[in-house]
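The values are calculated or read from the model by the stated rules, or taken from the named source; none is laboratory data. Since this is a predicted model, take the numbers as computed values, not measurements. Using ideal geometry, Cβ is built from the backbone for each residue, glycine included, and neighbour counts are taken over all protein chains shown. Accessible surface areas use protein heavy atoms only, side chains included; no ligands, DNA or RNA. Shrake-Rupley method; radii C 1.70, N 1.55, O 1.52, S 1.80 Å.
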Amino acid sequence: MTSTESTDVVVIGSGFGGAIAAYHLAAGGARVLVLERGPWLQAEEFEHDFKLGSSYTRVFDFVVGDGMSILGGNCVGGGSVVYFATMPRAPRFVFERRGSIGRRMWPASITRDTLDPWYDRVTEALPVTRQSWEKVPYAGGLFAAACAHAGRTANPSPSAVDVDECVNCNWMMAGCRFDAKRSLLLNYLPAAVAHGAEIRPLHEVQRLTRLADGGYRVHYRVVDEEDYRILHDSGEIDAKLVILAAGSGATPVILQRSEPDLGRMPHAVGRYFSGNGERLNTAILDEDKVRDVLGLSRPDGSAYAAYQIGRGPTVASWDRLDGSLPEYERFSLEQLYFPPGLGTILAQVPGATGPSWFGLEKKEMLRQWQSWLTIFTMSEDDNEGVFGPPPETGNAHRLSMQMLGDGPLRYRPTANTWRGWSLSDAAVKDILERDGLARVAPWTNDLVGAYTVHPLASCRIGDDPATSALDDRHELRGHPGIFVTDGSAVPGALTVNPALTIAALAERAMPGIVRAARERGVAVQYGAPAPDGSTAARVAVAPTV
Amino acid sequence: MQPDNHDVDPARTATIEAYADTVVPGAKRSPDDRAVAGAALGGGAVAAGAVELLEQPGGGLAEALDSMVYTLNDHAAGYATAHGLALDDGVPAFVALPFEHRTALVLELTAPEHPEKQMWVALALFSNMAFDSAAHLTTADAFANRHPGLLTIGYFPPDADGLFRFPQYSYGRALAPLHPQTTVTGDPA
């Protein structure tokens, strides 16, 4: 069955890029329809359960590519539902990066200074708050103490978690049962709905076609709510404007699949993908050394043995976020939690004499799981990811009924990328193997390639049409009326967690998108306050709009 | 989703068990256990439920298992020939391989250059997942049944309502100097 509807704006995806656009457009008076391919769950449906079919596997996607695997959200609220809510601003030097293209990657109009007011809008809306040492979980404290012992600094990372409501269960990847994590389900999305936006879960957009009046027809399939491998009805929605925010792993795929009808895509669609320079090391702590060398102990008498306790990454070391260092040698190190199920298989046994990721020695390492500490590197990669031909539907061939599939991304890390990874591996060793505190090994890249939870740049903004798919207003080059506002628009790796930057860029794009909608005959105005009605940040950006 | 109620072929099950046991080794279930090599103490992937997880249609590998079992035993026979090993033909070839040779073959099959790597990595991933997260059981049931994987990794159990909460979670004090360039909002400059 195929039916055709029409509206002013179709928003594809309901993560940061989609939710922010839906809110501002709906609040401004436009008719907005949000199509989200994943389910729509609320706090009471978020389970603490690893079972296949629980909320953990319903809201989460793991797409294995050739040399790079992507973890991301697959639900209403997108990445914000499954992320760890660590929300630092990108350091100043990031906006001056040249990457491999021999010129500044970012549009001339965007610097840290020009983006700061838009960061402010997001931090007011969620909100994001500065964190105190007093409420840093054990794993973050341990990493901080080890950094200090190695003569380094460490910071509690700004966070969108309301720590007074948080129970430190470390189930954030399955959605927050306690609404302590300020996901988009608590701010932009309900505010968008209150202004009349309609959100349709389990609607997977496959492609776009062009209408005679300059608008677009959005073609979707309805996804089975239990087995995502099964697609049901198809449908079409005509819109004057389309916001594409399906995520860096899906946005370019939808555009590639649309190319036969829409015409040639910009060269950068599906190219320049960045995994945010991500890399993981696992340390196995010697509990006695933690007590003796770092002087740490818990009320129950143990020194650490608390890998499971906490709320993801809470402490980062920014010593290498130094703009005077050469590009590809700058990175942050962040303490991270990675739940069992997907992560432990990739952790390697330090100094293994046999297989490093399975077998006898790995089982012995698993016995010490509570003494693990995962250190997450975010460095400067070389935008070397390229998407191959799109799969028949969606952005991956789904293997399991939920969560697991293989996609068309190909990634071969360059020597530049490896430089950052190797330097960060050495830094982690320096911090954590000092005085016998721990044994450390990086995760293997041999099984599912490199690994990112922060896919970026596969449809990026820029000033150079040859190396950017979008102009600095996020409009797709050569296809007026299509805007991209998700992580794929970010030009390259950020050396820190990117959600706040993705959201700030979406906020920044909104006045221009509203103008474009008006030019297409949509009765809409820009100027909504924060979703809770706060106005300080709106007032601050007013002069720039 | 529950597994299909088909007639289970013991040779097929033994082959899958032997692979899972190579990934996360465990103690033999009985003295005459051939599939589990008994290379490690305590339950391994097999006792943790790897076969149950792999046989679930929702996992995505169930339909491919017949062909994977056939191919794995074919590789095992080839491996034995190449290494001059005489195999007991009363059990599938992979089951007949001694543990260290099963390990060597799994290393070969999952190496980056192996053309079937993706399939064997997936089999290893699911075997490991059965052990470290009991993905075929509700986590509360896994604890009630004393799941060997969750117990081995020391995963703390949930509260009585099935939810995890950790009232004690912090050392509660500053443990490192802040980066000197930290902004008033707590961000990198």
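Quick one: plug the Kirkwood hydrodynamic radius of region A:107-166 (C-alpha pairs) into Stokes-Einstein at 10 °C, 1.306 mPa s, and report D in µm²/s.
So the translational diffusion coefficient is about 115 µm²/s.
Share of region A:420-545's accessible area from carbon and sulfur, percent, 1.4 Å?
52 percent
At a Förster radius of 30 Å, what calculated FRET efficiency corresponds to the Cβ-Cβ distance of residue B:178 and residue A:287, to the nearest 0.05?
0.65
Protein chains only, probe 1.4 Å: how do A:20, A:502 rank by accessible area, largest first?
A:502, A:20
Write down the accessible area per residue of chain A in Å², having rolled a 1.4 Å probe over the full set of protein chains.
Computed with neighbouring chains in place, this is 30 Å² per residue.
Average the reciprocal distances over every distinct pair of alpha-carbons in region B:30-103, invert the result, and give the Kirkwood radius in Å.
Mean inverse Cα-Cα distance, inverted, gives 13.7 Å.
Report the per residue volume, in Å³, of the convex hull enclosing the C-alpha atoms of region A:409-524.
Spelled out: Cα convex hull of region A:409-524, divided by residues, is 138 Å³.
Counting Lys and Arg as +1 and Asp and Glu as -1, what is the net charge of the other residues whose Cβ lies under 14 Å from the Cβ of residue B:177?
+1
Can you check how the C-alpha radius of gyration of region B:93-176 compares to 2.2 N^0.38 Å, as a plain ratio?
This ratio for region B:93-176 stands at 1.60.
Need one number for region A:131-190: average projected area of the convex hull over its C-alpha atoms, nm².
That works out to 4.8 nm².
Leaving out ligands, DNA and RNA, calculate the buried accessible area for the pair A and B with a 1.4 Å probe, summed over both sides, in Å² to the nearest 100.
It comes to approximately 6400 Å² buried between A and B.
Can you tell me the equivalent ellipsoid semi-axes for the protein assembly as shown? Use √(5λ) from the Cα gyration tensor, largest first, whole Å.
41, 31, 23
Just to be sure I understand the model, the point goes 7 Å from the Cα along the line to the Cβ. What's the resulting residue A:300 to residue A:113 distance in nm?
5.2 nm
Per the Kirkwood definition applied to all pairs of different Cα atoms, how many angstroms is the hydrodynamic radius of region B:10-153?
This gives a value of 15.2 Å.
Cα convex hull of region A:366-411: how many Å³ per residue?
Expressed per residue, the convex hull around the Cα atoms of region A:366-411 is 136 Å³.
With a 1.4 Å probe on protein heavy atoms only, tell me which residues of region B:51-66 lose at least 50 Å² of accessible surface in the complex relative to the chain by itself.
B:58
Pop out the Kirkwood hydrodynamic radius of region A:99-253 from its pairwise C-alpha distances, inverse of mean 1/r, in Å to one decimal.
Computed over Cα pairs of region A:99-253, the Kirkwood hydrodynamic radius comes out at 20.3 Å.
Would you mind counting up the charge near residue B:21? Only other residues with Cβ under 10 Å from its Cβ, with Lys and Arg at +1 and Asp and Glu at -1.
Counting the neighbours of residue B:21, the net charge comes to 0.
In Å and whole numbers, how far do the C-alpha atoms of region A:287-343 stretch along each principal axis, longest first?
Reported extents, whole Å, longest axis first: 45, 32, 15.
Taking the convex hull of the alpha carbon atoms in region A:328-464, what volume per residue do you get, in Å³?
153 Å³
Per-residue Cβ counts within 10 Å, from other chains only, averaged over B:118-130: what number is that?
Per residue, the number of nearby Cβ atoms from other chains is 4 on average.
What are the residues whose amide H is under 5 Å from the amide H of residue A:34, where those residues sit 5 or more places off or on another chain and H is modelled from the backbone?
Answer set, sorted by chain and number: A:11, A:198, A:199, A:200.
Placing unit charges on C-beta atoms (Lys and Arg positive, Asp and Glu negative, everything else neutral), compute the dipole magnitude of chain A about its Cα centre in debye, rounded to 20.
820 debye
If you rank A:361, A:380, B:55, A:134 by how much accessible surface each has, with a 1.4 Å probe, what is the order from largest down?
Accessible-area ranking of A:361, A:380, B:55, A:134, largest first: A:134, A:361, B:55, A:380.
Please report the orientation-averaged projected area of region A:456-530, defined via the convex hull of its C-alpha atoms, in nm².
5.5 nm²
If you count, for every residue in A:47-59, the Cβ atoms of partner chains within 10 Å of its Cβ, what is the mean?
For peptide A:47-59, the averaged partner shielding equals 6.
Between residue B:168 and residue B:88, what FRET efficiency follows from the Cβ-Cβ distance if R0 is 45 Å, with the result rounded to 0.05?
Calculated value: 0.25.
Cross-link list A:51/A:362; A:289/A:363; A:181/A:362; A:181/A:363: which exceed 26 angstrom alpha carbon to alpha carbon?
Among A:51/A:362; A:289/A:363; A:181/A:362; A:181/A:363, the Cα-Cα distance tops 26 Å for A:181/A:362; A:181/A:363.
Could you list which residues have their amide H under 5 Å from that of residue A:77, counting only those 5 or more apart in sequence or on another chain, with H placed in the peptide plane?
A:14, A:15
With a 1.4 Å probe and all protein chains kept in place, how do B:100, A:47 rank by accessible area, largest first?
In descending accessible area the options line up as B:100, A:47.
Tell me, what is the 1.4 Å probe accessible area of residue B:83, in Å² to the nearest 10?
Roll a 1.4 Å probe over it and residue B:83 shows about 90 Å².
What percentages, rounded to whole numbers, describe P(r) for region A:255-316 computed over all alpha carbon pairs with 5 Å bin width beginning at zero?
4, 12, 12, 14, 10, 6, 6, 6, 6, 7, 6, 6, 4, 0
One-quarter of the Cα convex hull surface for region A:37-150, in nm²?
Reported value for the Cα convex hull: 11.9 nm².
Across peptide B:102-114, how many C-beta atoms of other chains are within 10 Å of each residue C-beta, on average?
So the per-residue partner count for this stretch is 2.
Rounded to the nearest 10 Å², what accessible area does residue A:171 show when all protein chains are kept and the probe is 1.4 Å?
Probe radius 1.4 Å; accessible area of residue A:171 about 10 Å².
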